[in-house]
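Have a look at the structure below, then the notes.
The values are calculated or read from the model by the stated rules, or taken from the named source; none is laboratory data. Source: prediction; values computed, not measured. Cβ placement follows ideal geometry from the backbone for every residue including glycine, while neighbour counts extend to all protein chains displayed.
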């Protein structure tokens, strides 16, 4: 058995101690529509010079119930609670707002820029503050918290990824990961392929300027795509938990089509780092838990 095959078949672990508690509806019934038409689309097509005053502040003033629900779903206990599918779709809509706001902080676009690329990087920080998010504390590189944007080759081919610089800060809503920080790392060639890790398709992502993305909303119509569910990851007191809803909800095996990807590192990084996977991997039902590091060296990077 090859190393890649061994990784796919043996390095995938169950969620462990988390137990399903109940099914809860958290967001207001009209949350998805309010986010899509009141915040996402005005942000996507905004061409003015005062996005916060024109879009963000009026929206937050009118949608305190959505913000309250967001903070509730960020509570650590919610990692063991199955939430309604409509709530996951509302979270997904909010995540698409973030992806628009992050465009200007990314490397140059592969193709033509969109109008949203002109929003200043400060808009993302203003949004995080408005929704009650926090920037994770400075830590060593970890795929739970950090999205790979650039990779420098280390002299030692076995050297693990080391945090070098940051393109944009991450965001936590309580204990729930909302967006990972975009970072440059230094790593050995046997631990991370510098080309593959930065150009391979990024899963669970709707838009990046600098690399291809794979998202379950792709290929659907203008309305159907908004039935996409957000992937919930939580940083708990003793563990990182990836894709909790796949663990809490019993799902039937993927019926035919592409093989079910069981590479835990693919789930953690959300992209290929050593094994070249394409755009057709079935990863959406994968889940994983791992111990939270008890000590972590402090990085010189500010959030």
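If only residues of region 283-294 that are assigned to a loop (DSSP other than H, G, I, E, B) and more than 18 Å from residue 231 (Cα to Cα) are counted, the one that is modelled with the highest pLDDT is 292.
Any chance region 131-140 includes a residue that's closer than 30 Å to residue 191 by Cα, part of a strand (DSSP E or B) and at pLDDT 95 or above?
First pass over region 131-140, keeping only residues closer than 30 Å to residue 191 by Cα: 135-140.
Keeping just the survivors that are part of a strand (DSSP E or B) gives none.
Within region 131-140, none of the residues are closer than 30 Å to residue 191 by Cα, part of a strand (DSSP E or B) and at pLDDT 95 or above.
Could you tell me whether any residue of region 59-69 is modelled with pLDDT of 95 or more, surrounded by 17 or more Cβ atoms within 10 Å (Cβ to Cβ), out of contact with any strand residue (DSSP E or B) (no Cβ under 6 Å at 6 or more places or on another chain) and part of a loop (DSSP other than H, G, I, E, B)? Yes, that holds for at least one residue. The lone criterion from (1) buried (at least 20 other Cβ atoms within 10 Å of the Cβ); (2) in contact with a helix residue (DSSP H, G or I) (Cβ under 7 Å, 6 or more places away or on another chain); (3) closer than 20 Å to residue 132 by Cα left unmet by residue 119 is number (3).
Considering region 139-162, and only residues there that are over 22 Å from residue 241 (Cβ atoms), out of contact with any helix residue (DSSP H, G or I) (no Cβ under 9 Å at 6 or more places or on another chain) and touching a residue at least 40 places away in the same chain (Cβ under 8 Å), the residue that is surrounded by the most Cβ atoms within 10 Å (Cβ to Cβ) turns out to be 153.
Every residue, every condition in (1) crowded, with 22+ Cβ neighbours inside 10 Å; (2) more than 16 Å from residue 125 (Cα to Cα), yes or no:
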{"site": "29", "(1), (2)": "no, yes"}
{"site": "42", "(1), (2)": "no, yes"}
{"site": "51", "(1), (2)": "yes, no"}
{"site": "87", "(1), (2)": "yes, yes"}
{"site": "91", "(1), (2)": "yes, yes"}
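Within region 58-77, track down each residue that is without any contact (Cβ under 8 Å) to a residue 60 or more places away in the chain and either in contact with a helix residue (DSSP H, G or I) (Cβ under 9 Å, 6 or more places away or on another chain) or within 26 Å of residue 120 (Cβ to Cβ) (or both). Correct list: 58, 59, 61, 62, 63, 64, 65, 66, 69, 72. Scanning region 220-241 for residues that are in contact with a helix residue (DSSP H, G or I) (Cβ under 8 Å, 6 or more places away or on another chain) and either free of Cβ contacts under 8 Å to residues at least 60 places away in the same chain or more than 17 Å from residue 86 (Cβ to Cβ) (or both) yields a count of 7. When region 168-200 is filtered for residues that are more than 16 Å from the chain's Cα centre (by Cα) and surrounded by fewer than 20 Cβ atoms within 10 Å (Cβ to Cβ), the ones remaining, listed by number, are 184, 188, 189, 190, 191, 193, 194, 195, 196, 199.
Check 123, 109, 165, 90 and return the single one that is assigned to a helix (DSSP H, G or I), more than 18 Å from the chain's Cα centre (by Cα) and either in contact (Cβ under 8 Å) with a residue 40 or more places away in the chain or within 20 Å of residue 230 (Cα to Cα) (or both). Spell out the reasoning first.
Details: 109 fails: assigned to a helix (DSSP H, G or I); 165 fails: assigned to a helix (DSSP H, G or I); 90 fails: more than 18 Å from the chain's Cα centre (by Cα).
Result of the check over 123, 109, 165, 90: 123.
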